[in-house]
Structures are given as structure tokens and as C-alpha cells.
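*Asks:* Encoded as C-alpha cells, here's the structure I'll be asking about.
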Amino acid sequence: MTVKLTILGLGQIGSSIGLALAAQKEKIARVGHDTDSDATRAAKKKDVVDNVQVNLHSAVEGADLVILSVPLHEVRDTLNMISTDLKEGAVVLDTSPARRQGETLARELLPAGRYYIGLVPAIQSGHLLETGGGLEGARADLFQGANCLVCSMPGLPENAVRLATDLVKLLGANPILCDSAEADGLLAGMITLPKILAVSLVDVTMDKPGWADAKELAGPPYAMPVAAVFDREIGETLGEAALANRDNLVRLLDGYLESLRALRDHIQNEEREKLDQKIHNAQDSAFQWLAERHLEKYSPPGGSGSSKDPNNPTFGDRLKQSFLGGLANPKN
């Protein structure tokens, strides 16, 4: 029997899911919908989906799986609009960066017998340093070999969770079960905090005295974080994500400010040894992580960077260990 899968939101994540499932056409009928009609037509032309639906209600009607890949500030309205169209047993997989908020909305808006699960897909190392999003940034192998957190609400039927983990495997990713609080803690540090820091970087440099000359001198250390963060939707989505994950983000910002204060004091007091030590420690940690993500240019001399030291577990290992009891790999 063919499974109907509807993708709501044909940006980078939604379109990459569609592309990754292109080889499953005999088993999965991909339907796409986006509020941008040009994006919808382009997605159909690039084989992201098999069919497109301009009408939101028609798009989700009869769907077994609904991928909710819309900007965070549109999640409430979208769930509200589709709630009466979802068939009994339908599973909604939400990729927005606020797991607890999403679960709260699902409890409020979805009827009984319709199931909500959060997905937090990581991007595979080969695309990690690419900038740009949208359909242009979509890749069939965007999630290949990477981890994907699957955040199920308490009491969900096992078959609904299994449907989610099976889909993640079809994307080429590794499903890891996780609860929403744990996922939000990770999202705050890995997704939202770097974007907030880029906002601060722009705030203290652009349109300030000397900017007219400085902007022509800015190199990769400046351009890369700015280009990676500032897409067309950031103005509407970042504030929403920050407030939805406020406690975690404030805690991280407090730590960041403390670190900046220490760096400032080392510089102000000309404490060269302490400053160098802090920089070298950060460099070692950064190179270790980059090598773990198989970015070969950052691998230590004489090694590939992918070997596993039992005393220095990888991200995936630490993730499983950190949340023992709340996080586990699903059985094959």
C-alpha cells in the first residue's frame, strides 16, 4: 500500500526530505505545499515532490505522514488550519526549532488520534559549511549518515513512533529517541545561540564609525557567520525561536558573557599567557569537533580524525550517554 506523505514548507529541510525519498516512489506518494507558489512549482520541477497542492486542506487530506517544515512563527496557524483535515492515525513530524512549544501547541490544537512528533535533523558533514537555504540549498543527501533526534510525546502509540524512525532511516539518517526538554537544550546551543551571536556581531560593527572603509576589508572570519545566519526568514523566525527556548538561551548567553568578560580582562590587563591559553584551548576543542564531523582539513596530523577514543567519545556517543534513560537508539 502506498503511503501518502505531505510536505508543508518547501525550503531547504522540507525539500531535502522530498529529494531523499525520490527513490521510494513506489511506496511513498510525495505531495508538496508551500505558501510561495513559485517555490511550489520549482519543487515539482526538481522532483522534490510527485504532486503539488495549492490548497492546504487538500494537501493534508488523507495523508499518513505530514512533514511540518514551516517557519516557527507559522506553526500554530498551520496546525490549527489542518487539524480538522488530518485523518485518524495521521502523524505530524515537525522540524521547527522549539520542541516543547510545538508539543504544547499539538496538545491544544490536534484532535485525539492524530499524533505529533518533533524531528531535529542534523546536516551531514559534506554540507556543513555551505551557506544559503531554501530550495537552492536542498540536497538529497543532506541528512545522510547524520543523527536525527526523534522527540515523541508521552503516551504515543509505538506504531506512530516507529513510522517516524523508519522515515528517518529512509532519509539516510540515524534516529535517536529524545524528549523535548533535552532537544531544546541542544537546539539552544547549536542553532539559536550562534544566530544571536551573529546578530550581536553585526550590531557592534555595521553602520558604526569607520564601517564605510571596514566593510571592504572584512574577510572570511566575518563573512562566514554572517552569510550562514542571515537568510530571508531570520527576521521573523529568530526572535520567536529565542523566546520559545528562553531559559536555555539565557543560561548559555550568561556563560558566553562570562567568557567574553574573561577575554576582555586578559586583553585589557595584557595577560598574554592567559589569553594564549584560552585561545589554544578553544582551538583544540574546535579542531577536535570539526575532525569528529569528518571535515578532513581539520584532522590532526597523521590521522583521519574519525577514529574513536574510548576516553574521548564522539558527539553521538556523548548524546546517548548524557541523556541515559531519556534517549536511546530505536531497535532495528
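Read-outs throughout are calculated quantities, based only on the coordinates presented, and are distinct from any laboratory measurement. Small disclaimer: the values here were computed from a predicted structure and weren't measured. Every residue, glycine as well, gets a Cβ built from its backbone with ideal geometry; the counts of neighbours run over all protein chains shown.
*Asks:* Can you give the calculated 222 nm mean residue ellipticity of the chain, where each DSSP H run of n ≥ 4 adds -39,500 (n - 2.57) and the sum is split over every residue, rounded to the nearest 500 deg cm²/dmol? Could the numbers behind the result be given before it?
*Replies:* Details: 14 runs with 153 residues, N = 332.
Roughly -14000 deg cm²/dmol at 222 nm, from the helical runs in the chain.
*Asks:* Next up: Give the shape of the range 105-226 as rounded, prolate or oblate, defined through the alpha-carbon gyration tensor: a ≥ b ≥ c are the square roots of its eigenvalues, a/c under 1.5 means rounded, and otherwise the shape is prolate if a/b is larger than b/c and oblate if not.
*Replies:* Details: a/c = 3.27, a/b = 2.04, b/c = 1.60.
Note, shape of the range 105-226 comes out prolate.
*Asks:* Which order do the peptides 193-200, 73-80, 143-150 take when ranked by the mean count of other beta-carbon atoms within 10 Å per residue, highest first? Show your work: numbers first, answer last.
*Replies:* Numbers: 193-200: 16.6, 73-80: 18.2, 143-150: 20.5.
Output ranking for 193-200, 73-80, 143-150: 143-150, 73-80, 193-200.
*Asks:* Hey, another quick one. Can you give the % of DSSP beta bridges in the chain that are antiparallel, to the nearest 5?
*Replies:* On the way: 7 of 33 bridges.
In the chain, DSSP labels about 20 percent of beta bridges as antiparallel.
*Asks:* Among rounded, prolate and oblate, which fits the range 36-157 when a ≥ b ≥ c are the square roots of the eigenvalues of its C-alpha gyration tensor, a/c under 1.5 means rounded, and a/b larger than b/c means prolate? Please list the in-between numbers first.
*Replies:* Details: a/c = 1.95, a/b = 1.26, b/c = 1.54.
Cα axes put the range 36-157 in the oblate bin.
*Asks:* Show me the ranking of peptides 46-56, 206-216, 92-102 by mean Cβ neighbours inside 10 Å, starting with the highest.
*Replies:* Descending mean neighbour count gives 92-102, 46-56, 206-216.
*Asks:* Please work out the C-alpha center-to-center distance from the range 137-197 to the range 236-258 and express it in whole Å.
*Replies:* Result: 20 Å between the Cα centres.
*Asks:* Could you work out the local net charge near residue 139, counting Lys and Arg as +1, Asp and Glu as -1, over the other residues with Cβ closer than 12 Å to its Cβ? Write down the numbers at each step before the final one.
*Replies:* On the way: positive: 46; negative: 130, 136, 141.
Combined, the nearby Lys, Arg, Asp and Glu give -2.
*Asks:* Mind checking which of 29, 241, 227 has the largest fluctuation in a GNM of the chain, springs on alpha carbons under 10 Å?
*Replies:* For the chain, modelled as a Gaussian network with Cα springs under 10 Å, the answer is 227.
*Asks:* Still on this model: Place the peptides 113-125, 154-166 in order of packing, highest mean first, counting for every residue the other Cβ atoms within 10 Å and averaging per peptide.
*Replies:* Working: 113-125: 21.7, 154-166: 14.5.
Result, highest mean first: 113-125, 154-166.
*Asks:* Pick out which of 65, 253, 19 has the largest mean-square fluctuation in a Gaussian network model of the chain, springs linking Cα atoms closer than 10 Å.
*Replies:* 253
*Asks:* Please compute the net charge surrounding residue 2, taking Lys and Arg as +1 and Asp and Glu as -1 over other residues with Cβ under 12 Å from its Cβ.
*Replies:* Working: positive: 4, 25, 27, 30; negative: 26, 50, 64.
Within the 12 Å Cβ shell, the charges total +1.
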